[in-house]
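Below is one structure; the comments refer to it alone.
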Amino acid sequence: MTPIRLTNSMTRKKELFEPLDRQNVRMYLCGPTVYDRAHLGNARPVVVFDVLFRLLRHVYGADHVTYVRNFTDVDDRINATALARKEAGAEGTLEELIHARSDETIRWYHEDMGALGALPPTHEPRATEYIPQMVAMIADLIDKDHAYEAEGHVLFAVDSWREGYGKLSGRSVEDMIAGARVEVAPYKRNPMDFVLWKPSDAELPGWESPWGRGRPGWHIECSAMAHELLGESFDIHGGGSDLMFPHHENEIAQSCCAYPHGSFAKVWLHNEMLMVEGRKMSKSLGNFFTVRDLLDQGVPGEVIRFVLLGTHYRKPMDWTEKKREEAEATLRKWRELTASAQAGGTPNPRVVSALADDLNTWGAISVLHEIAGAIERKQRSDVSQAEMDDFAASAQLLGVLEDNSTMGAWVSDGAVERLAAQPLLDAFATRLFQLRLAAIESKDFTAVDSLKAALTDAGIEVRISKEGVELLPSTDFDPAKLEALK
RNA sequence: GGCGGGUUGGCGGAGAGGUUACGCAGCGGAUUGCAAAUCCGUGUAGACCGGUUCGAUUCCGGUACCCGCCUCCA
């Protein structure tokens, strides 16, 4: 069995991964708040943890991994959109409009992440479906003196768990108060106390609870859903590094205090942020774009995925146009190379061990480059089917080079136009070849060169050899220009 | 102010205490009427200053700079 090593944010060390139960390896990833289209930054953890999911399935068996990724569908931004729609005259109650907004966003999320080749998680719980579990957990925390009610709110008392609070993010309660950027509310015992439950007025979605009609705070949902679906102790909990504090810290506090016999997550994994042309992608900087924006611009999901995997998950990654181009060229080449590959190959052990080494995705890609190079250098007939299948299987561990009909369809984009232009291309190829033969006799190549230049200008790659002329339409092939040359 | 991360060749980006990362670009060559494509070859880079060591880009300490978190955020 391949040993997997992962960098645990809790210990800040790379550790050998040993699942609590090899028959059921359990992983939780903080999913999106479903208030709008997922931006590119949202896609990074999805792709990173998808690779981990694939690796775990490869090592422990596809039926022995449980992957939970939640949807946060209690959020003021969802409410705001619903309210705006209602004010604009939309049909239905506010509650219905809120639900419709979440449903719509979840559908988009599935479409967009699917386009990136992300496998569906085992469970995708919605916060609104786990309200009773949250209420029960909050009540339990009050019973255990880790939480208290104040002015319709229920707050977690950080002072009740000073020994554990702040361990993940490496800060003490004292340090944080010194920073003094916490929301000061008169009803808080300690300024660091955070909300488990808050009251809802008539305009806001709410549920009945022992503390009145209200809604859960942001952090409690993950604790409740992780407990419900994965148990008191599970293996891996992941998310973006910006969630480390306060979200994950608060999750730990809630879960460890509610279930003192459990260990909650054993390994914490955090991906670094995504940058765009050197700057963090954020709302306030206004430089963010969605996955859908890229897909609509014609960037294939597989290419987006490959770019995201080009940088180790614990390093900030910069999205640039140049990387997009390189990724597209590489994948195009590899797809041509594996056009006749079949399912059932065995992933290359070096690719597996690169991934098993704290998800070294670029290390794995490097190995793929080497294998691809070796295959390319051979004569077609010398390449065995197994060799090709294994290469494809290796790439598929990263989630690329899968399923030619969907993920790989982009490679043949424009195929229809090219097919239609083929007779014309053949005619030009013959003409160019004959012109060239004549030119070799006459030593006058002007006619050859001008036709070649015109073809190149129409977006056609011209390959001349002794045997003949090959005309290959490239991505910016313009059939109209070719037509005009007739 | 507190906490954390980073700094590698033209660009991107890894691993390893001593032996070629890898990709792209570049350069030289083969090939070509010229090209394209392809093939062959080609790069001692590791922010700075110390320390440990036979030997460090890799370990330890410090300095500088950059980035993130501390507020909704993947």
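The values are calculated or read from the model by the stated rules, or taken from the named source; none is laboratory data. Note that this is a predicted model, so its numbers are computed, not measured. All Cβ positions, glycine included, derive from the backbone under ideal geometry; neighbour counts span all protein chains shown.
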Just a yes or no: is a residue in the stretch A:167-184 surrounded by 15 or more Cβ atoms within 10 Å (Cβ to Cβ), in contact (Cβ under 8 Å) with a residue 40 or more places away in the chain, touching a Pro at 6+ places or on another chain (Cβ under 7 Å) and not β-branched (Val, Ile, Thr)?
no
Is there a residue in the stretch A:22-29 that is within 14 Å of RNA strand B (Cβ to nearest atom) and touching a residue at least 12 places away in the same chain (Cβ under 8 Å)?
yes
Considering only the stretch A:298-312, I want to know if a residue exists there that is surrounded by 13 or more Cβ atoms within 10 Å (Cβ to Cβ), within 9 Å of RNA strand B (Cβ to nearest atom) and over 27 Å from A:Ser394 (Cβ atoms).
no
What are the pairs, 6+ residues apart or on separate chains, where a residue within the stretch A:122-137 that is touching a residue at least 12 places away in the same chain (Cβ under 8 Å) has its Cβ under 8 Å from a residue that is loosely packed, with under 15 Cβ neighbours inside 10 Å and not in a helix (DSSP H, G or I)?
A:Val135/A:Pro210
What do you reckon, is A:Leu419 under 30 Å from A:Ala343 (Cβ atoms), exposed (fewer than 13 other Cβ atoms within 10 Å of the Cβ) and touching a strand residue (DSSP E or B) at 6+ places or on another chain (Cβ under 7 Å)?
no
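Residues checked against (1) surrounded by fewer than 17 Cβ atoms within 10 Å (Cβ to Cβ); (2) assigned by TED's automatic domain parsing to the domain that holds A:His237; (3) in contact with a strand residue (DSSP E or B) (Cβ under 8 Å, 6 or more places away or on another chain); (4) at pLDDT 95 or above:
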{"position": "A:Asp76", "(1), (2), (3), (4)": "yes, yes, no, no"}
{"position": "A:Asn79", "(1), (2), (3), (4)": "no, yes, no, no"}
{"position": "A:Ala82", "(1), (2), (3), (4)": "no, yes, no, no"}
{"position": "A:Glu91", "(1), (2), (3), (4)": "yes, yes, no, no"}
{"position": "A:Glu95", "(1), (2), (3), (4)": "yes, yes, no, no"}
{"position": "A:Arg107", "(1), (2), (3), (4)": "yes, yes, no, yes"}
{"position": "A:Thr122", "(1), (2), (3), (4)": "yes, yes, yes, yes"}
{"position": "A:Thr128", "(1), (2), (3), (4)": "no, yes, no, no"}
{"position": "A:Val135", "(1), (2), (3), (4)": "no, yes, yes, yes"}
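Does A:Leu355 satisfy the condition of being within 11 Å of RNA strand B (Cβ to nearest atom) and touching a helix residue (DSSP H, G or I) at 6+ places or on another chain (Cβ under 7 Å)? Explain how you work it out, then say what you get.
Details: within 11 Å of RNA strand B (Cβ to nearest atom): no; touching a helix residue (DSSP H, G or I) at 6+ places or on another chain (Cβ under 7 Å): yes.
So A:Leu355 does not fit the description; no.
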Among residues of the stretch A:447-484 being among the basic types (Lys, Arg) and without any contact (Cβ under 8 Å) to a residue 12 or more places away in the chain, the residue farthest from RNA strand B (Cβ to nearest atom) is A:Lys466
Restricting to the stretch A:313-323, name every residue that is surrounded by fewer than 17 Cβ atoms within 10 Å (Cβ to Cβ) and either over 28 Å from A:Trp268 (Cβ atoms) or more than 8 Å from RNA strand B (Cβ to nearest atom) (or both).
A:Thr320, A:Glu321, A:Lys322
Among the residues that make up the stretch A:57-77, is at least one of them within 28 Å of A:Met275 (Cα to Cα), under 20 Å from the mean Cα position of the chain (by Cα) and among the aliphatic types (A, V, I, L, M)?
yes
Quick check, is A:Gly206 in contact with a strand residue (DSSP E or B) (Cβ under 8 Å, 6 or more places away or on another chain), more than 14 Å from RNA strand B (Cβ to nearest atom) and of a type outside the set (Phe, Trp, Tyr)?
yes
